[in-house]
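Please treat every number below as a calculation from the coordinates, not as lab data. What you see is a predicted model, and the numbers here were worked out from it, not measured in a lab. Neighbour counts are summed over all protein chains in view; Cβ atoms, including those assigned to glycine, are modelled from backbone coordinates with ideal geometry.
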Amino acid sequence: MTKTLLVIVSVFTLPLTLFGQFGANKCDVKLERLAPPQVRIQGPIRVAVKPTRDAAMASQIQSQLEASIIRYEPGLTVSAASPQTELEAEISEFTENRVWEDRKVPNFQKTGTKQVFNAKKNIYESQDVWGTVEVNKRYLVVKGSLKLTWKALAATKQVLASDVASHEVQSSYLEGKDLLGKEAPDAGAVRAALAAGVVQATARRVVPYPETIEVLVASGPGGKLDPGCKLAESGQWTRALESWETIPAFKNPKDEAYRAYDIGLAHEAMAYSAGASRDFQSALTYLGKAAENYGQAADQNPGEKYFRDPQNRIKTSLNYYTSLKDQGSAGVPSVGGAPAGGNAAASAPAASALTNEGVIDFVRSGFSEAFVLDQIRTSPTPRFSVTPSDLVKLKQAGVSERIIMEMIQRK
């Protein structure tokens, strides 16, 4: 009996220990990072939406688009007199309708009665019979569709980018009400939702646009990392980092992995904060530190599934902020980090292409050699130039020969 009890205890202790490193109630935190646009427009700007199909909707989209662009690119201003970039748009499709429909839906209800013998009373009693049957119910179906054809033009009238932004809404309301008993949205609410959808789709193509990502904070062994988690939940990442860095390293490498993970998470959050202030160089430095911390965590505890996603996320973020830094330093409207003038759709993938300049930026920002080598090996479309003069420039910039050899092999 004792042996059986010991086996039961050992079976349940292992998973609880592993699960406990992130806490029974995981500490979820949302971060906001910037995604680079297809074309980074320069100001002053002029936004014009032609009132061809619906003047009121066109005016609504124009004002919202101006506000959205300025909100996410604070340095831009609106000027109809002498714009550097013009954003011209036209509503190419707009529908909004609502119809009532009768539908047969399954409903659990009383379908009849039956006689059941009660042995204690020695009599038959009537008992309800329940089942699922199809019944007719009325639904109000609200539909809407909006398409906005737009193009961004330089002061020379050269097309920098163009696209069609579309948004659709469709919902059904039982007897005209939602699950909370509220009335279905009226035509004004549907129009507002459609306008907001195409504005968002358009703005994210011309200015850096925020993406919300949800991350987990580790509690660590015995919840020793929890104080920092509380600070992280309130957005105090600098204090959270200090809290985790001042905790003595855990003797068990698997336990220490969670402290390294949280330190990496703090660096990642600080990178996004720097990016929000348009300090993309600091953002890249913090992301480099985060990548190294996450790598340490994965090396110390390779079996932890929650360590896999951050490493992939950091690679995406490094590509994002490298592109944003390149776009910002160009000083002119750019497509995919290159000077404007080419085909926007064809140039878009260049935002993630690794170049000589990108490698030099990594090295000067203090990234480790192993990290830079990993970026070179995993870059999907590297664009390295390895002429003799380029190799000399790389060496003078502090790039190691091992990194240079890897660049030559990937050329």
TODO: Considering the convex hull of the alpha carbon atoms of the range 265-324, report its projected area averaged over all viewing directions, in nm², one decimal.
DONE: 3.5 nm²
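How much of the pair distance distribution for the range 23-178 lies past 22 Å, counting alpha-carbon pairs only, in percent? Don't skip to the answer; put the middle values down first.
Numbers: 7988 of 12090 pairs.
Within the range 23-178, distances greater than 22 Å cover 66 percent of Cα pairs.
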Task: Shape of the range 121-229, Cα gyration tensor, a/c cut at 1.5 - done: oblate
Task: Relative contact order, percent, the chain [alpha-carbon distance under 8 Å, six or more residues apart] - done: 17 percent
Open item on the list: I want to check the label-to-label distance for residue 236 and residue 28. Put each point 7 Å from Cα in the C-beta direction and report it in nm to one decimal.
Closed with: 2.4 nm
Open item on the list: Strictly over 22 Å apart at the Cα level, which of 151/325; 157/325; 289/411; 110/137; 224/254; 230/251 would you flag in this model?
Closed with: 151/325; 157/325; 289/411; 230/251
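How charged is the neighbourhood of residue 396? Take every other residue with its Cβ under 14 Å from the Cβ of residue 396, and add Lys/Arg as +1 and Asp/Glu as -1.
Working: positive: 364, 393, 395; negative: 357, 390, 401.
Taking every other residue near residue 396 into account, the sum is 0.
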Task: 14 Å beta-carbon shell around residue 308, net charge (K/R +1, D/E -1) - done: 0
TODO: With θ set to phi - 60°, apply the Karplus curve 6.51 cos²θ - 1.76 cosθ + 1.60 along the range 97-110 and write out the HN-Hα couplings as whole Hz, x wherever there is a Gly or Pro.
DONE: 8, 9, 9, 8, 10, 9, 10, 8, 10, x, 9, 7, 7, 6
- [ ] Quick one: compute a quarter of the convex hull surface over the Cα atoms of the chain and quote it in nm².
- [x] 33.9 nm²
TODO: Can you quote the Å³ per residue value for the convex hull of the Cα atoms in the range 181-277, rounded to an integer?
DONE: 163 Å³
Open item on the list: Amide H of residue 160 versus every other amide H placed in the peptide plane: which residues, excluding those fewer than 5 positions away on the same chain, fall under 5 Å?
Closed with: 152, 153, 154
Task: Selected from 111, 212, 285 as most flexible by GNM, with the chain as the system and alpha-carbon contacts under 10 Å - done: 111
